[in-house]
Amino acid sequence: MATATLSRPTERPVWRRALGTDWKLGWMLVLPVLAVLAGLVAYPFVLAIALSFTDKMIGRPAHFVGWQNYRDVLFGDEFGSIFRRAVLNTVLYTVVAVACKSVLGMGMALFLHEQFPGRNLMRAICFLPWAIPSLIVGLSWQWIYNGTNAGVLNMLLNDLHLSDTLIQWLGNPRLALWSVILVVIWQGCPFYGMMFLAGLQAVQAELYEAAAIDGANIFQRYLYVTLPGLSAVATITILLSTIWTANSINYIYILTGGGPANTTMTFPMFAYQVGIAGAQRLGAASAITVLFLPFFLLIIFALTRRMLAEER
Amino acid sequence: MATLARPAGRTRARTRTRPLALKRVALLLTGLFFTLWTLGPIYWIVVTSLKTELQVYRQPTLVPTAVTFKNYQTVLFHSNFLLYIRNSLTVALVTTALSLVFGSICAYAIARLRFRGRRLVARAIVISYLAPGGLLFISLFELLTELHLTDKLAGLMVSYLSFTLPFCTWLMIGYFRTIPAELEEAALVDGCTRLRALIYVIMPLTLPALVVVALYSFTQAWNEFLYALVFISSDSQKTFTVGLIGLIQGDTLPWGPMMAAASLGMIPPIIIYVLAQRWVVSGLAAGAVKG
């Protein structure tokens, strides 16, 4: 390096330019975070793939079993049909919840963007469910859905003579998934509301004025000014929420535990049941998560690119 | 003409009078809908927590005929609730403190220093932030078992770092970018070292941001459920989320005290949210959209 300095006395050494001026301090400062991420995110990813090829059970040593777990999960008598059900449920659950949260969140944001007395209070109220721990939300709705007359939904329906039977919101196989989705929407739509509101505030007022001068009515203005202005925020919100919604076990665990008859079984719940609760087969549970991995990796990489887009 | 009808409202001045009345009704109805939709369930929880057992089960009414605090007494003094709360507090505080310290120095390096691999680190942080617990909890459980950290609060603290740390770092990168580089350069010219400039010049400026990031991180750790459910089994190590589940599954608590516990557990995040509310929208947008 001495030679490099000598040959080009006016410039910084070659190695120094290649590594960047602050490389020593820079790497020193990022190292703790990198170490944690390597140990707690990268390594578990690799470990999940490795485990999925073993017969690892809780408290027992692992042996390599090749594709056995994948065969069991996809086609086995015990897991095959539940797995297919879980795929279907996960897709249905995620798509319906994300779609409803988007629409409701959009309505919320448009409403809260208007000017009216008490708007700040209204914002605070609308965003409240977002602040409540999801476990408490789940517990509370379990009580609201209670299948006896003590459940407020049944009580109201009976009092208003809209129904003369007690509806089993969480016990009826045809209703359970929808009941769970409603809870997910209840807690999730404030996040969309906030994100869309932030997006709305960034849309330039001049654009609306220009559109108004051009004679655009309220729907046209929404369609041609608001929506395009929100598309960047909306894409990120929806992708983020898709990852979180699909991977969340909380509501299902508390409300139904995956039942009745697996009608609310989604993949993380299934992985939990196979790996931790019932059979304690960590290998097979890993195989379940690994099967869903490619799909989420796609979303994660798409999102990462978008979130870093403005860095350059 | 519309300007005459409503001289006060600048934005509304452009719309005509008839749609204005329509708009008011629409706003009112929407407001009513969102209020009922949001506060309805919360009302029922709080109201249940104030009812006697008879009222909860036998004679349920929308408005309680008598108010009792017995349910709160049961939760606070005849269950492990306070122990669970203490565990939750410990875990959330430690996790937040660690994430704040290491996250902000890492964010500073990425936002301000020039070194090779900086972009790659930023990418790794975003990817980690997005990596969902639903995919990782099985192997994380195995990892913690190997390290003998399952069923310990320390294990929870470690595993919560996997999401609070990238989250804090990512938010802080955005905030550091908003601080003018000239400030720091001035300090460097005056003979400050990088580290001193960071501690004495930059950090005080990021203090408000640090508070917001701390609140977010605390809330995330406080609300976490999946890892606590999987990694913890002894009662003494349970956080309040898993603790409550144990109480309901063991039929230890009837719904009245249960809803009292739920009401109590809601309070810390709601207080935080009210405190941080004016930053919530802008902060979220900065973290998730702009960076």
Is there a residue in region A:299-308 that is under 25 Å from A:Y70 (Cα atoms) and touching a residue at least 60 places away in the same chain (Cβ under 8 Å)?
-> yes
Among B:G155, B:G174, the single one that is crowded, with 19+ Cβ neighbours inside 10 Å, under 27 Å from the mean Cα position of the chain (by Cα), under 30 Å from A:G59 (Cα atoms) and of a type in the set (G, A, S) is B:G155
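Given region B:167-257, what helices (runs of 4 or more DSSP H) lie entirely inside it while holding 1 or more residues that are out of contact with any Ser or Thr (no Cβ under 9 Å at 6 or more places or on another chain) and within 13 Å of chain A (Cβ to nearest Cβ)?
B:181-189, B:194-197, B:203-223, B:240-249
Here is a yes/no grid of residues against (1) over 29 Å from A:F196 (Cα atoms); (2) not in a helix (DSSP H, G or I):
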site	(1), (2)
A:F83	yes, no
A:T94	no, no
A:C100	no, no
A:P117	no, yes
A:L121	no, no
A:F127	no, no
A:W143	yes, no
A:G147	yes, yes
Failed item in (1) farther than 30 Å from B:P254 by Cβ; (2) assigned to a loop (DSSP other than H, G, I, E, B), with B:Q59 passing the rest = (1)
Scanning region B:123-152 for residues that are surrounded by fewer than 24 Cβ atoms within 10 Å (Cβ to Cβ) and among the hydroxyl-bearing types (S, T, Y) gives B:T145, B:T150
Hey, among A:L166, A:L139, which residue is assigned to a helix (DSSP H, G or I) and of a type in the set (A, V, I, L, M, F, W, C)?
-> A:L139
Those residues that are facing another protein chain (nearest Cβ under 7 Å), hydrophobic (A, V, I, L, M, F, W, C) and outside any helix (DSSP H, G or I), I need them from region B:107-165; list them, please.
-> B:L113, B:F115, B:A131
How about region A:194-312: which helices (runs of 4 or more DSSP H) wholly inside it have at least 2 residues that are closer than 30 Å to B:G246 by Cα?
-> A:227-247, A:250-255, A:267-272, A:282-309
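The rows are residues; the columns are (1) more than 9 Å from every other protein chain (Cβ to nearest Cβ); (2) surrounded by fewer than 19 Cβ atoms within 10 Å (Cβ to Cβ); (3) aromatic (F, W, Y).
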position: A:L255; (1), (2), (3): yes, no, no
position: A:A261; (1), (2), (3): yes, yes, no
position: A:M265; (1), (2), (3): yes, no, no
position: A:F270; (1), (2), (3): yes, no, yes
position: A:G278; (1), (2), (3): yes, yes, no
position: A:A284; (1), (2), (3): yes, no, no
position: A:L303; (1), (2), (3): no, no, no
When A:G171 is run through (1) in contact (Cβ under 8 Å) with a residue 24 or more places away in the chain; (2) surrounded by 21 or more Cβ atoms within 10 Å (Cβ to Cβ), the failure sits at (2)
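Bear in mind these aren't lab numbers, they're just calculated from the coordinates by the rules spelled out. Bear in mind the structure is a predicted one, so any value in this text is a computation, not a measurement. Cβ coordinates were reconstructed from backbone atoms using ideal geometry, including for glycine residues, and neighbour counts include every protein chain displayed.
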